[in-house]
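Novice: If you scroll down you'll find the structure; I have some questions about it.
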Amino acid sequence: MPPDLKPLEALSQVVFVHDYIQLVFQDEVFNIYNIPELVHQGASVRQGQPGFCDALVGLIGQRVISVSRTEPEMLLLDFERGARFRLPSGDEGVRGPEAFQFRGQNNSLVIEQNV
């Protein structure tokens, strides 16, 4: 059975590194390597567009209520106030061989490759 990708704690920190983003949920961390998109109340903004960073930081304090991994998204994180963090699959926003990495409870590690 694959490890659970749903963080137990609320989003506590967002780190913008040169070419990736870290979503920190206390002791659990998503490293996001592809270009993500935030969708909330019918509006969407992709990384690199004005407002993306502010919108992502605005999720601090919220819990993830569901996680899914289906086509055409490689990863969907639904937050408790309705925002959706979307990581597309395929050529849309791919930066390298890995799409994301998740270090969860008990040091479980999931690395998702781009196809």
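Just so it is clear, none of the values below were taken in a lab; they were calculated from the coordinates. Only a predicted model underlies this, so the values are computations on that prediction, with no experimental measurement involved. Backbone-built Cβ (ideal geometry, glycine too); neighbour counts: all protein chains shown.
Novice: Identify, among LEU5, GLY42, VAL15, the residue whose Cα sits farthest towards the positive end of the charge dipole of the chain, taking +1 on the Cβ of Lys and Arg and -1 on the Cβ of Asp and Glu, with the dipole about the Cα centre.
Specialist: GLY42
Novice: What is the local net charge at SER12, summed over the other residues whose Cβ is closer than 12 Å to its Cβ (Lys, Arg +1; Asp, Glu -1)?
Specialist: Charge balance in the 12 Å sphere: -2.
Novice: Rounded, prolate or oblate: which one fits the range 50-115, using the alpha carbon gyration tensor with axes a ≥ b ≥ c (rounded when a/c is under 1.5, else prolate when a/b beats b/c, else oblate)?
Specialist: It comes out oblate by the Cα gyration axes.
Novice: Calculate the dipole size of the chain relative to its Cα centre from +1 charges on Lys and Arg beta carbons and -1 charges on Asp and Glu beta carbons; express the result in debye to the nearest 20.
Specialist: Working: 9 positive and 15 negative charges, 36 e Å.
Dipole of the chain, to the nearest 20 debye: 180 debye.
Novice: Return the ratio Rg/(2.2 N^0.38 Å) for the chain, where Rg is computed over Cα atoms only.
Specialist: 0.97
Novice: A follow-up question, please. Can you find, among LEU59, PRO88, MET74, the residue sitting farthest towards the positive end of the charge dipole of the range 45-95, where Lys and Arg contribute +1 and Asp and Glu -1 at Cβ?
Specialist: Going by the charge dipole, the pick is LEU59.
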